[in-house]
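The structure under discussion appears below in the form of structure tokens.
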Amino acid sequence: MSAPQHLLVVTTNFAETHGGVQAHLAELLPRLVERGVATTVAYLGERTEPYAVDGVSVVPLRRRVDLKEVIGLPGPREWAAFVGRVRRGGLPAGPVSVVATHTRFFPMSGLGVRLGHRLGVPVVHTEHGAGSVVTGSALVEAGSRGVDATMGRWVLRHADRVVGVSAEVVGFVRQLAGVDAVMIPNGIDVDRWLGGVEPADAGVGDARPLVFVGRVVAEKGWEDFLSVARTVGERTGVSRPVHVVGDGPDLPRAQDTARAWGLDVRWHGRLESDGIKAVLHDAVYVNPSVAAEGFQLTQLEALLSGAAVVSYDVGVARELETSGVGDVHVVPRGDLARLAEAAVAAVGRAPSHPTQADVRRWDWETVADDYAAVLSSAGPR
């Protein structure tokens, strides 16, 4: 089928902030434009005038309600004016053929679904989460479950097509809303990640580094990571580099814990992709997250960097393990003893590097082809 004439993406965050959905859209949308899909994004931002980036038309709407850049809404009058403009075919690319939304608990996803219904065009929703939010706050977790049971379920049931970025997400969508989602994985620029890089620890020899990548918060498992690093050092008797890439509110506590346990940790803070790639080069990436990870792209980035992946059963971990594309070992979520055992074994193995053919299904070019096919085949229920 041919590509739709005009895709309108209604989302909370796009430019100006960092996050998984923003990164996903930044990679996917220009590739859709290359495939003949005229694309417009409406999002909540600080800019006041429409602009274009990588062939994508962008319409920022002022954020009038905001809770940690998640629960965000535009002003009612501004949204009504935008809806009127869309209904008149007043966007630069003309009438909208399909509306896309991302993540069920964003109020903007609800507005996007309603807009698609008013326009009489199909709505394609992409789900990035594999469960309700996990935090250290019982109140936030209860609120998250409440949002999922109401607005989240409504968004999933009223979209005309639902895409899940991993098998775990597809299962969550079915459990929450009774909806069968099509699985299109998150993507990665395979050529860029398979290219050569100077490792962060050239000259270290056989001591494979241990690496943590993520926000330094409880649900990402920084304390379990430090415990694994301590166990690996004790079991192997080898002094090896230990890296933490990321920052967050628990960073001071994590640094105090590392000092108390006698660990020499290199604290990198937040890094761009090239820096992450260098740290992951031929390392052992330990992933102790217990968050509701929909995909967790760092696991794939680690494999393409020649790293072994030792992970709790979250995100895409099980799919990577069963695919056989690299050195991946998955243990039950929260089983710290088995995670440490897996890391001890991994540091004793030689690094392995997947080929381009091994990871083609996760390449952004493949993902864009699959997503464009879903857009072309989408139709109202």
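Every residue, every condition in (1) under 26 Å from VAL374 (Cβ atoms); (2) assigned to a strand (DSSP E or B); (3) over 25 Å from the mean Cα position of the chain (by Cα), yes or no:
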{"site": "LEU8", "(1), (2), (3)": "yes, yes, no"}
{"site": "ARG31", "(1), (2), (3)": "yes, no, no"}
{"site": "PRO60", "(1), (2), (3)": "no, yes, no"}
{"site": "ALA93", "(1), (2), (3)": "yes, no, yes"}
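For the range 147-191, filtering for residues that are in a strand (DSSP E or B) and modelled with pLDDT of 95 or more leaves 6.
Scanning the range 234-251 for residues that are small (Gly, Ala, Ser) and surrounded by 20 or more Cβ atoms within 10 Å (Cβ to Cβ) yields a single hit, GLY246. Of the residues making up the range 229-240, those that are in contact with a strand residue (DSSP E or B) (Cβ under 9 Å, 6 or more places away or on another chain) and farther than 16 Å from ASP256 by Cα are VAL232, GLY233, ARG240. Scanning the range 327-351 for residues that are touching a residue at least 24 places away in the same chain (Cβ under 8 Å) and either closer than 24 Å to GLU168 by Cβ or not assigned by TED's automatic domain parsing to the domain that holds TRP222 (or both) yields ASP327, VAL328, ARG333, GLY334, LEU336, LEU339, ALA340, ALA342, ALA343, ALA346. Just one of the listed residues (GLU27, GLU49) is over 22 Å from GLY120 (Cα atoms) and touching a residue at least 40 places away in the same chain (Cβ under 8 Å), and it is GLU27.
Looking at the range 252-296, which of the residues that are part of a loop (DSSP other than H, G, I, E, B) and on the phi > 0 side of the Ramachandran plot is surrounded by the most Cβ atoms within 10 Å (Cβ to Cβ)? Before the answer, list the steps.
In the first step, residues of the range 252-296 are kept if they are part of a loop (DSSP other than H, G, I, E, B); the result is 261-264, 270-272, 281-283, 288-296.
Retained after the next criterion (residues that are on the phi > 0 side of the Ramachandran plot): 262, 282, 296.
Numbers: GLY262: 8, ASP282: 19, GLN296: 25.
Going through the qualifying residues, I end up with GLN296.
Entry remark, the range 121-146: residues being assigned to a loop (DSSP other than H, G, I, E, B) and modelled with pLDDT of 95 or more number 2 in total.
Does ALA346 qualify as being among the aliphatic types (A, V, I, L, M), assigned to a helix (DSSP H, G or I) and closer than 21 Å to ASP189 by Cβ? No. Within the range 29-36, is there a residue that is under 23 Å from LEU119 (Cβ atoms) and either exposed (fewer than 14 other Cβ atoms within 10 Å of the Cβ) or not assigned by TED's automatic domain parsing to the domain that holds ARG85 (or both)? Yes, that holds for at least one residue. Assessment of the range 326-342 against the conditions (part of a loop (DSSP other than H, G, I, E, B), modelled with pLDDT under 95 and basic (Lys, Arg)) yields at least one matching residue.
Only one of the numbered conditions (1) in a strand (DSSP E or B); (2) closer than 16 Å to THR11 by Cβ is violated by GLU78, and that is (1). Could we say that VAL58 is touching a residue at least 40 places away in the same chain (Cβ under 8 Å) and not assigned by TED's automatic domain parsing to the domain that holds TRP222 here? Against the criterion (touching a residue at least 40 places away in the same chain (Cβ under 8 Å) and not assigned by TED's automatic domain parsing to the domain that holds TRP222), VAL58 qualifies.
The values are calculated or read from the model by the stated rules, or taken from the named source; none is laboratory data. The structure presented is a predicted model; accordingly, all values stated were derived computationally and were not measured. Every residue, glycine among them, receives a Cβ derived from its backbone with ideal geometry; neighbour counts consider all protein chains shown.
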